[in-house]
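The values are calculated or read from the model by the stated rules, or taken from the named source; none is laboratory data. Predicted, not measured: the structure shown is a model, and the values here were computed from it. Quick reminder, even Gly has a Cβ in these numbers, built from the backbone with ideal geometry, and neighbours come from all protein chains shown. Note: areas computed on protein heavy atoms with side chains; ligands, DNA, RNA excluded. Shrake-Rupley method; radii C 1.70, N 1.55, O 1.52, S 1.80 Å.
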Amino acid sequence: MDEKNIQKSRIIIVSNRLPVILKLTEDGKTEVEKGAGGLVTAMAPVLKNRNGTWIGWPGYVQEAGVDDYMLPAIQTATSGYRVKSVMLNSDELKNYYEGFSNSILWPLFHGFTDKCIFLPEYWTSYQDVNKKFALTVCKNADDPDFIWVHDYQLILVGAQLRKMHKRNRMGFFLHIPFPPIDTFIRCPWRFELLLAMLEYDIIGFHTILSKRNFIGCIKKIIQDARIDAKIAFDETVSELKFKNRVVRIGVFPISIDYNEFSLHAWDSDVYKRSKEIRKNAPGTKILLGVDRLDYTKGIPEKLKAFKQFLTRFPKFHKKIHFIQLVVPSRREITAYADLKLKIEQLVGEINGIFSTNAWLPVQYMFRNLGRNELISLYRACDIGFITPLKDGMNLVAKEYCACNIDEKGVLILSEFAGAAQQFYQDAILANPHDIEGTAMAIHRAFNMPLEEKNQRMRNLREKIKNKDVFWWVNSFLNTAIEKNLSNFPQVDEYFPDEPTANLGR
Ligand code: GDG
C-alpha cells in the first residue's frame, strides 16, 4: 500500500477496554459515560477525522445468548466514531484477563516473576480471546485500514489477523515495560509471544530500555530459530527483517493532554479547593502520592521511606503532611488484596508512632477521586512523590507537573518509571528499594531553594508541553507510514547507561 493511501485510510483502534466508564446510579441502573483518559482524548479526533472505529471490551460480563441492551448507550457516549464491543463471559474474564494478562504478563513484564502463575488454561483462554478480538477486527476492517492494537492483553491479535489473511498495515503499542531476556525467557510461551509481535509492521515502546530488551529477546530467542534478524541497536527507530517483511521498532514516550490539565488547574473551583487543602494542613509542606493499588507502584516502600524520614529528622515533625491516594484496582486477585492490607498496616503504624492531637502525618485515601479534586490536589501539594518499583511511563508524574502552575513544586520520581528517561535532569530521582536514599530525597525536596524549584519545574513543564499526547499519536502514526528513516521523529531524552549523579542523596 502506498503512503498516500495509508494517509487517507481509516484507523481502527483495538484495546482491551472500550473508552467508556460504567457508573451505577443511586436507583441501581448502569449509566455509560465517555472515558476521560489521555489516550481517549488523543485518539478521539484522529478517529473522527478518519471515520475510525474503536474495538474493545465494554467492561462488564455478558453470558452468551443474552441481548446487550447497553450498546446504544455506549455508542452515544463515544459519538463521532464507531465502537464495536467484544463481549467476555466470566470464564474468559477469569482466565484471559485476571489470569494470563494480570497474573502472567503484568508481573512478568514488570520483573515480578515470583508473582507469575503460569497456568496452561490461562494461555488457552488468552489465545481464544485474542482470536475473538481479531474476528471482530476482521469483520470491521477494510484492506487499506490501519489497525493499531494496544497493550499486553492483546499481543496475539495481529498474528490472528494474519491467519485470517488480513494484509492491513498493523501497529502494536506496549503500555508497560518490556523485560530483559533473563526475565522474559521464563515464560513458557515466550516463542509464541515474540513471533506474534513480529507480525505487526510497527511496534512501539515507551523507552529505549524496553526497546533494547525486546531486541535482545528477539536476538536470543528468535535467532536461535534461524530467523534473519537485522537490527540497529541505538536509533529511536530500528528496522528488523523477518520472513521477508520489515518490522519497525520504535520509542514513543506516551504523554498527557498538557493544555487541558494546565488550563483546568487555573479553574476558579480548583483554586478554591486547593486553598482549602492547604488550609487543612497549616504550616506544613504537603507530599502527594497518587497510585493505582498495584505492587509495581511501590506504595509500601514509599511509606517506609516516609517513616524513615520522620525517624531521622524529628525537627520536621508537624512540618510535613503526606497525602497518599490509592485507587482501587484488580482486587479480585489475591496479591492485590494482600497489598491493601500491608499499606493500611503501614499507614496505621506511622500515624500510631508519630501523630499528635494537631498533626496527622499520613492521610490515606482508598477510592477514586473526581477530576476536579485530583487536579486540586496536584495544584495544592508541594512535592509529587512518585516512586514505582517499575512503571511503563507513569502519567501521574506528568499530570502533577502540568497542574503545578505556580511552578513551586518538586517532583520526586523513581529511577524505574519510564518518565525518568525524560525527566532525569529536573526531577529528584530516587531508588525506591533504597529506603534511606528515598528518605533523603524527601529531605532534599523539602529544603530545595525556591529559585531551583522554579527552574526545574519550568523545565519539566516545558518538556511535557512539547511532547504531549498529540505528539505521541502523531509520532507513532507517522513512523508507521514514513518511508525515509532519517525523517523519523527523534526522542532526544536518552537515559544514561551509567547511573546518574542526580540521585536522592
Ligand atoms: C499504564 C502503565 C503508563 C488515578 N487516580 C485517579 C485518576 N487517576 C488516573 C491518573 C492517570 C491514570 O489514572 C494512571 O496512569 P499511570 O500512567 O500513572 O498508571 P497505569 O494505570 O498503571 O497505566 C503506565 C500508562 O499505562 C499509559 O501508557 O504510563 O506505566 O502502567 O491518568 O490521572 N483519575 C481520576 N481519579 C482518581 O482518583 N479521575
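A few comments on the model shown:
- Within segment 387-406, considering residues that are within 10 Å of D291 (Cα to Cα) and more than 6 Å from the ligand (Cβ to nearest atom), the one farthest from the chain's Cα centre (by Cα): T387
- So L303, is it within 16 Å of the ligand (Cβ to nearest atom) and at pLDDT 95 or above: no
- Against the list (1) touching a residue at least 60 places away in the same chain (Cβ under 8 Å); (2) within 12 Å of the ligand (Cβ to nearest atom), the condition M365 fails is (1).
- Single unsatisfied condition, E498 versus (1) under 22 Å from T387 (Cβ atoms); (2) of a type in the set (D, E, K, R); (3) out of contact with any helix residue (DSSP H, G or I) (no Cβ under 8 Å at 6 or more places or on another chain); (4) at pLDDT 95 or above: (4)
- For segment 383-468, the helices (runs of 4 or more DSSP H) that sit wholly inside it and include 1 or more residues that are more than 19 Å from I254 (Cβ to Cβ), open to solvent by less than 10 Å² (accessible area, probe 1.4 Å) and of a type outside the set (S, T, Y) are 435-447, 450-466.
- Positions within segment 304-329 being crowded, with 18+ Cβ neighbours inside 10 Å and within 22 Å of the chain's Cα centre (by Cα), in sequence order: I323, Q324, L325, V326
- Any pair with Cβ under 7 angstrom, 6 or more apart, that starts in segment 245-270 at a residue that is open to solvent by 10 Å² or more (accessible area, probe 1.4 Å) and of a type in the set (S, T, Y) and ends at one that is assigned to a helix (DSSP H, G or I) and away from the ligand (no atom under 15 Å from the Cβ): Y258/K465
- Residues in segment 370-381 include at least one that is in a loop (DSSP other than H, G, I, E, B), within 13 Å of the ligand (Cβ to nearest atom), more than 17 Å from T207 (Cβ to Cβ) and open to solvent by 10 Å² or more (accessible area, probe 1.4 Å).
- Scanning segment 293-318 for residues that are outside any loop (DSSP other than H, G, I, E, B) and charged (D, E, K, R) turns up K297, E301, K302, K304, K307, R312, K315.
- Selected residue (only one of I333, I323 is among the β-branched types (V, I, T) and more than 14 Å from the ligand (Cβ to nearest atom)): I333
- Here S329 clears all of (1) assigned by TED's automatic domain parsing to the domain that holds I405; (2) not in a loop (DSSP other than H, G, I, E, B) except the condition numbered (2).
- Candidate set: segment 338-355, residues that are of a type in the set (A, V, I, L, M, F, W, C) and exposed (fewer than 13 other Cβ atoms within 10 Å of the Cβ); chosen: the one farthest from the ligand (Cβ to nearest atom): I353
- If you go through segment 235-292 and keep only what is assigned to a strand (DSSP E or B), of a type outside the set (D, E, K, R) and farther than 24 Å from F366 by Cβ, you end up with V237, S238, L240, F242, V246, V247, I249, G250, V251.
- Matching residues, segment 92-112, being open to solvent by 10 Å² or more (accessible area, probe 1.4 Å) and under 22 Å from V137 (Cβ atoms): E92, L93, N95, Y97
- Unique residue being of a type in the set (V, I, T), farther than 30 Å from G35 by Cα and touching a residue at least 24 places away in the same chain (Cβ under 8 Å) when the list is V326, V290, V347: V347
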